[in-house]
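Before any comments, here is the structure.
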Amino acid sequence: MDEATIEMLANEVLHAEDTQEPLKLFTERFPDITIKDSYQIHLRVVEKKKARGEKVIGKKIGLTSKAMQELLGIDEPDYGFIMSTNTAGEGTISMSELIEPKAEPEVAFVLMDDLQGPGVTAAHVLAATAGVLPSIEIIDSRFAGWGIKIQDSIADGASIGRVIFGAGGLTDVSTPGLDLRYIGHVLEKNGEIVETAAGAAVLGNPAESVAWLANKLSEYDIILKAGEVVISGSLTKAVPVQAGDHVRATFGQLGSVSIKFVD
């Protein structure tokens, strides 16, 4: 894909995110679009956001479940940048800021040291982690109807919408008895349990997911930086939400996080 087309599509993604006006699938308009093209589009979007004053808060990992990978015909996750405009505190979030949101529970890693691939392992991730937080990612596609392919998702920042972090503080990964593989998770919508899982649902261990990302980013000379937050992928399937819904995610020893959706 040539530079002019990458620039055009990056501008379209940015406009759709700003206006909540959905796009036609890039994979329909450009059947030959590659995964590399899509990452270049997303990186261009990030540069444009930085130029207008937004800051990089961290990174997100998507499509970590085997079921979703099989659905999209891929064999690895994808990733996107978390910008300052993608974060929100517990409380309420307006549906007017989103298109077709869905909620996903994720373990968030706060880094105290840089992680630079290749060769990063889960042990390296844990050693570089200041602590972990419960989070809810509100995924939201800039393409109407969620009929996306992997190239669409990547160009759209791995369908980043908002990320809500728990307010209870960091949990040290070296806490006795804490094993992220076995952290139990309960997702509730309007007081009813809709999904349950354990940490192992994310590539066997959420730390393995972060290691994958550090190694993947090395292909683009990008590192995970100290102070950044990395959300490691959904423990469950995404749950659609609408105005009036209240979602709470509880992560065993890590605590809980909640958000209510309003008009």
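Each value in this text was obtained by applying a stated rule to the coordinates, not by laboratory testing. Quantities reported herein were computed from a predicted structural model and do not represent experimental measurements. With ideal geometry, Cβ positions are generated from the backbone for all residues, glycine too; neighbour counts draw on all protein chains shown.
Sort 250-256, 57-63, 177-183, 107-113 for me by packing, meaning the mean count of neighbouring Cβ atoms within 10 Å per residue, highest on top.
Output ranking for 250-256, 57-63, 177-183, 107-113: 57-63, 107-113, 250-256, 177-183.
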Q: Under 11 Å from the Cβ of VAL230, count the other residues' Cβ atoms, weight Lys and Arg +1, Asp and Glu -1, and hand me the total.
A: +1
Q. Between LYS24 and THR87, what is the spin-label point distance in nm, taking each point 7 Å from the Cα along the Cα→C-beta axis?
A. 3.8 nm
**Q.** Violating pairs (Cα-Cα greater than 19 angstrom) within the set LYS36/LYS237; LYS102/LYS237; LYS102/LYS225
**A.** LYS36/LYS237; LYS102/LYS225
Q: Among DSSP beta bridges whose residues both lie in the range 3-262, state the antiparallel percentage, nearest 5.
A: 80 percent
Q: Give the calculated FRET efficiency between ILE35 and LYS225 to the nearest 0.05, with a Förster radius of 22 Å applied to their Cβ-Cβ distance.
A: 0.40
Q) Can you list residues whose amide H is under 5 Å from MET83's amide H, if they're 5+ apart or on another chain and H is modeled 1.01 Å from N? A) ILE57
Q: Would you please give the residues with an amide H less than 5 Å from that of GLY161, counting only those at least 5 places away or on a separate chain, with H modeled from the backbone geometry?
A: ILE138, ASP140
Q) Per the helix-only calculation at 222 nm, which mean residue ellipticity applies to the chain, given -39500 (n - 2.57) for every DSSP H run of n ≥ 4 and division by its residues, nearest 500 deg cm²/dmol? A) -7500 deg cm²/dmol
Q: Report the residues of the range 166-210 in range of a label on GLU97: point 7 Å along Cα→C-beta, backbone N strictly under 19 Å from it.
A: 166-168
Q. Spin-label point model (7 Å from Cα, Cβ direction): what's the ALA144 to MET1 distance in nm?
A. 2.1 nm
(Q) Can you give the local net charge around ASP18? Use residues other than it whose beta-carbon is closer than 14 angstrom to its beta-carbon, Lys and Arg +1, Asp and Glu -1. (A) -3
Q: Report P(r) for the range 1-138: all Cα-Cα distances, bin width 5 Å, range 0 to the bin holding the largest distance, values in whole percent.
A: 2, 7, 13, 19, 21, 19, 11, 6, 1
Q: Treating each Cα of the chain as an identical point scatterer and ignoring solvent, apply the Debye formula and state log10 I(q)/I(0) at q = 0.11 Å⁻¹.
A: -0.55
Q: Determine, for each peptide in 216-229, 143-156, the mean count of other beta carbons within 10 angstrom over its residues, then list the peptides with the highest first.
A: 143-156, 216-229
Q) Taking the Cα centre of the chain as the origin, how large is its charge dipole in debye, to the nearest 20, when only Lys and Arg (+1) and Asp and Glu (-1) carry charge on their Cβ atoms? A) 340 debye
Q.
Please give me the summed charge of the neighbours of VAL186: other residues whose Cβ is under 15 Å from its Cβ, Lys and Arg +1, Asp and Glu -1.
A. -2
Q: Treating each Cα of the range 1-60 as an identical point scatterer and ignoring solvent, apply the Debye formula and state log10 I(q)/I(0) at q = 0.20, 0.30 Å⁻¹.
A: -0.81, -1.35
